[in-house]
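Quick note: the coordinates plus some simple rules give every number you see, no bench work behind them. A quick note: this is a predicted structure, and the numbers were derived from the prediction, not measured. Positions of Cβ are backbone-derived with ideal geometry, glycine not excepted, and every protein chain shown enters the neighbour counts.
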Amino acid sequence: MPPRIRPPFDADERTQLVGWLDTQRAIVHYKCEGLSDEDAHRKVLPTSPLMTMAALVSHLRWVEHAWFEVLFLGGAAAANPSFLDEPEDADMRVEGVPLARLLEEYEQQCARSNEIIAAHPLDETGRHPDFRSAAASLRWMLIHMVEETARHAGHMDTIRELLDGAKGYY
């Protein structure tokens, strides 16, 4: 499991941004610790049946791919289920996929994202010609990913408590 370490108070901007993103990513792993595959796929929100722990891990993996490999580097959107029109929320449809596999894929995608981040200036903008969001700077994308990951880590707090009563932020 990735360590949950906050960045130093006096670190440079890149270290702080990546540090906060890595902290949120580690919290995603923490929220999944000890869950069975059955619980990871259990639906606890009747009006949001795709909102499971497993689905959120998959979604976060594909969001990382979308922002850093597709929008920023200009890679192929077809490789990412988030860009499919049908089925809706394809990136969250992971019935039967073991949680351990989803977490491993997420960790690998985060490592790839960090490689991309390390290799480019924060002011550089995305390259994909077909998406307006690609005009954002790498800095903007990093801040957005901190927000996106933290928001879903909060969803995971609630889902985990509903599944087995486990609580804890950090």
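Tabulated data for the structure shown
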item: Local electrostatic count at Leu122 - Lys and Arg +1, Asp and Glu -1, tallied over other residues with Cβ under 14 Å; result: -2
item: Charge dipole (debye, nearest 20) of the stretch 10-101; +1 at Cβ of Lys and Arg, -1 at Cβ of Asp and Glu; result: 180 debye
item: The chain: angle of helix 13-32 to the longest principal axis, Cα-based, in degrees nearest 10; result: 20 degrees
item: Fraction in percent of alpha-carbon pairs per bin - 5 Å, the stretch 22-76; result: 5, 18, 20, 21, 16, 11, 7, 2
item: Rounded to whole Hz, the Karplus (6.51, -1.76, 1.60) HN-Hα couplings of the stretch 45-58, x for glycine and proline; result: 10, x, 8, 9, x, 7, 7, 10, 4, 4, 5, 5, 4, 4
item: Normalised contact order of the chain, rounded percent, pairs of Cα under 8 Å and 6 or more residues apart; result: 27 percent
item: Kirkwood-type radius of the stretch 23-164, with distances r between different C-alpha atoms, in Å; result: 15.6 Å
item: Theoretical ellipticity at 222 nm over the chain - DSSP helices of four or more residues, -39500 (n - 2.57) apiece, nearest 500; result: -16500 deg cm²/dmol
item: Centroid-to-centroid separation of the stretch 76-138 and the stretch 6-23 [C-alpha atoms, Å]; result: 21 Å
item: Dipole in debye (nearest 20) - the chain, about Cα centre, beta carbon charges: Lys, Arg +1; Asp, Glu -1; result: 280 debye
item: Dipole magnitude of the stretch 64-156, debye to nearest 20 (Cβ charges: Lys/Arg +1, Asp/Glu -1, about Cα centre); result: 260 debye
item: Listed residues Arg139, Arg112, Arg101, most fluctuating in the chain (Gaussian network, C-alpha, under 10 Å); result: Arg101
item: Degrees separating the helix 138-164 axis from the principal Cα axis of the chain, which is the longest one; result: 0 degrees
